[in-house]
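The values are calculated or read from the model by the stated rules, or taken from the named source; none is laboratory data. A quick note: this is a predicted structure, and the numbers were derived from the prediction, not measured. Note that we place each Cβ from the backbone using ideal geometry, even for glycine, and neighbour counts take in every protein chain shown.
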Amino acid sequence: MEIPLDIWLRGEVHATSHVISVATGEPAHRLHRPALSAWPEGNRVAAPAWIEMAKAWVRDCLPALNSSACSGRTTSDEVIRLVNGLLRGAPPPREFADRQAMQALMILGVCGSSVERHAQQSQRRAGEPAIPGRGIEKLIAAGRRPFLEYVGELADRFGHMHRDSFVTFIERNGPAVRVLHPKTRRPFHALPAGFDDGAYLTFTGRAEEIELIRLLKEAAALQGAANLFLVRLQDAATAVDNAAAVSDCFDAAVLLLAVRAKIVELLGASSSNADLLDVLRQYACDWRDHAPLLRPPSGANDGGFLHRDMLLFSELLPPSGPVPGYRTYVRHTVLPALMPEVVARIEAAMSSDSIEARLYCRLGTTRDVLGRIGGRSCDALLDANPWLAAYVLVYAAQRALSRAHYEAASRFLLEPARAQDARNSVVPSTHGNGQMDLLHLVRQLDAARAAHPLATLGAQIGAGGRLDAILRDLGHRRRSHAELLSLCPRAGEV
């Protein structure tokens, strides 16, 4: 039996009914849950049962509700009423086991951003300024608790921010992702699934959104794997010029290029991605208008990419006038949005000499001197230090990855017509989810990575295939695009 969508959205479906999945159009599994409308005030269910019911509702129903609200067919007040129906039966935070608490944060994050996005759009449609928090403040969980207070108690268990994040929407969303070692091709790094069935929680239910989440999760896993080798290269207790270091350089470079391969796949995907990203950006809205501000999910909050920069570079963007340096920006603006274990890794990298600093020390030179040498001086440097070619490969790989990231940001975030922002947009297309001038920041970082002496050294040495010959002598083998993608296989792939 097919249930009318408006009845399903209101929870007036009995536990044994068949429903149609909003995301796929296919018959959904039987949902063993009580009807939302059957829950009187204060009547709650056990934590595991609530997680399963709430996950199913968010997965199968929320995307259609969001679509209806975006088009104006459903009011923001109706969205709030329906989400409050879901929250009414939520158990107290203390009743969740740790894994269930993280699952609850995933569910609540998507619900909260949906409610707030529609509340802000409703204000704009009425010709009023969009004041963050007007939707969130109407949400009540577990009977009587304000939504932000409820989310905060769950989040504090992990040191998580009090809203959705890159962790809940990307790193834990969907099936587990595993990375294969570049040499042994055995799994050695992974990002877990948030739910046992590998469910995706989305705002739109579109296949493109699921694929985007999957690609970003795979890229994050590959970057985390690459950083494992970079951490060893930064370690002051290890040599930078022995065979083990050269091997770590090769593995790190291959994994960085695998991240780039994932971004290339995104760039080559359907042109509808640009429209999708503009739609998703509207859900990356502020949850309140007062301190402490809660940064929405953003690629700028991907701890793995930030960790890489801190490991490789002493200071990508030095302070200039009123603009603080990149490290200061990361420490004071981005780190508060990250999980404690990620912050600890980044802080450890920032408190130690970077890989580039270790290389200058070993070579007895400075960045300025290295940036000025060329021609025969480069050849002489490499003849005396052939191991340096492995580091040139790493910095060339990060340069290629940075350029692909910039191209993706330009295509999907910056090139869409500014007319989009006249459509009652909550978050403008000219800025990133973190409310920064994304064009300016990404362009500056890409230029700094590309102009770094250790990145440009490769172009000078590479004349006549000299660099490739040295790398082959050291045991390096270039990978094809397909080989790079295969380092993060999907279910059913070898």
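Observations on the structure shown:
- On inspection, ALA130 does not qualify as in contact with a Lys or Arg (Cβ under 8 Å, 6 or more places away or on another chain) and farther than 17 Å from GLN282 by Cβ.
- The range 382-403, subset farther than 20 Å from PHE250 by Cβ and not acidic (Asp, Glu), residue surrounded by the fewest Cβ atoms within 10 Å (Cβ to Cβ): ALA384
- Summed over the range 189-223, the residues that are closer than 24 Å to ALA404 by Cβ and either in a loop (DSSP other than H, G, I, E, B) or touching a strand residue (DSSP E or B) at 6+ places or on another chain (Cβ under 9 Å) (or both) give a count of 10.
- For the criterion of being within 30 Å of PHE169 (Cβ to Cβ), at pLDDT 95 or above and in a helix (DSSP H, G or I), GLU407 fails.
- Annotation for the range 231-245: no member residue is in contact with a strand residue (DSSP E or B) (Cβ under 8 Å, 6 or more places away or on another chain), assigned by TED's automatic domain parsing to the domain that holds ARG479, buried (at least 20 other Cβ atoms within 10 Å of the Cβ) and in contact (Cβ under 8 Å) with a residue 60 or more places away in the chain.
- Residues that are of a type in the set (Lys, Arg) and buried (at least 20 other Cβ atoms within 10 Å of the Cβ), drawn from the range 89-130: ARG117
- Hits in the range 115-173 - residues which are closer than 17 Å to PRO297 by Cβ and acidic (Asp, Glu): GLU116, ASP164, GLU171
- Scanning the range 46-65 for residues that are more than 18 Å from ASN84 (Cβ to Cβ) and not in a helix (DSSP H, G or I) gives a single hit, ALA46.
- Residue list for the range 108-127, filter: free of Cβ contacts under 8 Å to residues at least 12 places away in the same chain and part of a helix (DSSP H, G or I): GLN123
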